[in-house]
Amino acid sequence: MTNRQKEVAKKEVRLRDLAARKGLAGICLSRAINFAWFTAGGNSRVATATETGVAALVILGDKKYLVAPKNEIHRFMVEQVPDLGFEPWTYEWYTSREEAITALVGEQRIGTDIPLGNWQVLGAELNQLRYSLTEEEIERAREVGQICSRELAATCVAIYPGMTDWEIQAELSRRLLNYGVRPAVLLVGNDDRAFKYRHPVPAGQKLEKYAIIGLVGEKGGLHMALTRAVHFGRIPDKLSRLQEVALKVETAFLAATAVGASSRDIFQRGVAAYADAGFPDEWRRHHQGGAIGYAPREYRAGEGANEVIQPNQMVAWNPTVQGTKSEDTLLVKDNNGLEFLTSVPEWWPTAKISIGRQEFDRPLILER
């Protein structure tokens, strides 16, 4: 059995258990992130920004089906789900997928991840099936984290004053796409825009001295979030102090992150760290991150429901302080250890930040 087959088999158990708990005959997955999750990295999209792809998955009885139009079904069976035990269920592209699924399901009750027919929509319980990574997923996540880390660091070395934020975006995108990583989020804040906006979407401004680059890279459905900053010439003392505050706040988040910890409690630890550093309202100006995985954020701490950290779940905290930010993606292991999936090379400047008995080595702004 291949690693991919093992991964899919483990997830099939989770889905069937959920269906049994809900008294359902099966589950239909239409969202692209759930397609990627259940197929161990498959891609159902043609248009990259759509929530649903051109194929759906149906787990029904003791079988599982891939539902796609006739002009797509062969490609999916050969390239997206080979040797994974899916049976094809197809229809004409100009007819309704919902009708095709209805014909497959008949009178049986199933659950679904989007409103579809009169079937039961499964929300948080279905989302939570994605959070705890399998051993196979962890290996895939490590690969994506290494690529994103390496190519973002290389971009920070390759860029130079006079480049526009569009050109910086293009440089990093090219490097990532060479390895099959798609930039789901790519922010570039040059100079004053880094201080004006917490989400500096490129707008054509030229770099003079300071650039902060925020990336969420995706491959095989798994997302990695990280932010790096570079300054040309001596870093101003005020900027260094602001970055130090961001690092201290992030360290508070990290120290509170463990299996079984609640997202609400972790968030409050970060809010308190902002206040201790003399920036009590800074957390209000940007979300602070949370769980990451098959979405750029599976959930954000501090908003919505209170979630509990699962074993082998990925998180990415991203405190911001007036033009500075600290962000990496890590794995919360089932023994409560933390493994950073994104990192910086040995030559990148770092600082050891302590909280209680814990110490974290965190990246500083690169001075060039």
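The values are calculated or read from the model by the stated rules, or taken from the named source; none is laboratory data. This structure is a prediction, so every number in the text was calculated from the model and none was measured. Note that each Cβ is placed from the backbone with ideal geometry, even for glycine, and that neighbours are counted across all protein chains shown. For accessibility, only protein heavy atoms count, side chains too; no ligands or nucleic acids. Shrake-Rupley method; radii C 1.70, N 1.55, O 1.52, S 1.80 Å.
Worth pointing out:
- Computed on protein heavy atoms with a 1.4 Å probe, the accessible areas place MET1, MET163 in the order MET1, MET163, largest first.
- Angle in degrees between helix 263-276 and the longest Cα principal axis of the chain, rounded to the nearest 10: 10
- Amide N of the stretch 323-352 lying under 12 Å from the label point, which is placed 7 angstrom from the Cα of PHE195 along Cα→Cβ: 323-324
- Under a Gaussian network description of the chain, with springs only between Cα atoms under 10 Å, the residue in ALA100, ALA252, ALA316 that fluctuates furthest is ALA100.
- Taken per residue, the accessible surface of the stretch 244-349 reaches 37 Å², heavy atoms only and a 1.4 Å probe.
- Within the accessible area of the stretch 31-130 (1.4 Å probe), percent carbon and sulfur: 50
- Our estimate of slack between THR350 and ARG109, defined as 0.36 nm per intervening residue step minus the Cα-Cα distance, is 81.3 nm.
- Linear extension gain, ALA275 paired with TRP166, 0.36 nm per residue minus alpha-carbon span: 35.7 nm
- Acute angle (nearest 10 degrees) that the helix 135-158 long axis makes with the longest principal axis of the chain, alpha-carbon atoms: 40
- Classified by the C-alpha gyration tensor, the stretch 123-168 has an oblate form. Its axis ratio a/c, with a ≥ b ≥ c, is 1.5 or above, and a/b does not exceed b/c.
- Once the Cα atoms are used to define both axes, helix 237-256 deviates from the longest principal axis of the chain by about 40 degrees.
- In the stretch 136-277, the portion of solvent-accessible area held by carbon and sulfur atoms comes to 52 percent [1.4 Å probe, whole percent, DNA, RNA and ligands not counted].
- In the assembled protein chains, TRP89 presents an accessible area of approximately 80 Å² (probe radius 1.4 Å).
- Among the listed pairs LYS10/LYS70; LYS10/LYS325; LYS219/LYS325, those whose Cα-Cα separation exceeds 32 Å are LYS10/LYS325.
- Extension gain for LEU338 to ARG75 (0.36 nm times residue separation, less C-alpha to C-alpha distance): 90.8 nm.
- Distance from the alpha carbon centroid of the stretch 2-73 to that of the stretch 268-339 works out to 29 angstrom.
- Mean Cα-pair separation over length for the chain, i.e. relative contact order, pairs under 8 Å, 6 or more apart, %: 14
- Label point 7 Å beyond Cα of ALA305 along Cβ direction - residues of the stretch 109-128 with amide nitrogen under 15 Å: 112-114, 121-128
- Accessible solvent surface per residue of the stretch 77-137, calculated while the other protein chains remain in place, 1.4 angstrom probe, Å²: 54
- Legend: residue pairs LYS206/LYS248; LYS248/LYS333; LYS6/LYS333; LYS11/LYS248, Cα-Cα distance threshold 27 Å; pairs beyond threshold, LYS206/LYS248; LYS11/LYS248.
- Antiparallel DSSP beta bridges within the stretch 1-124, as percent of all bridges there, nearest 5: 50
- The chain: C-alpha gyration tensor shape, a/c 1.5 cut-off, then a/b vs b/c: prolate
- For the listed peptides 191-204, 27-40, 141-154, a ranking on the average number of other beta carbons within 10 Å per residue, highest first, reads 27-40, 141-154, 191-204.
- Among PRO82, PRO236, PRO311, residue whose mean-square fluctuation peaks in a GNM of the chain (springs only between Cα atoms under 10 Å): PRO236
- Whether the stretch 198-290 is rounded, prolate or oblate, judged on the alpha carbon gyration tensor where a/c under 1.5 counts as rounded: oblate
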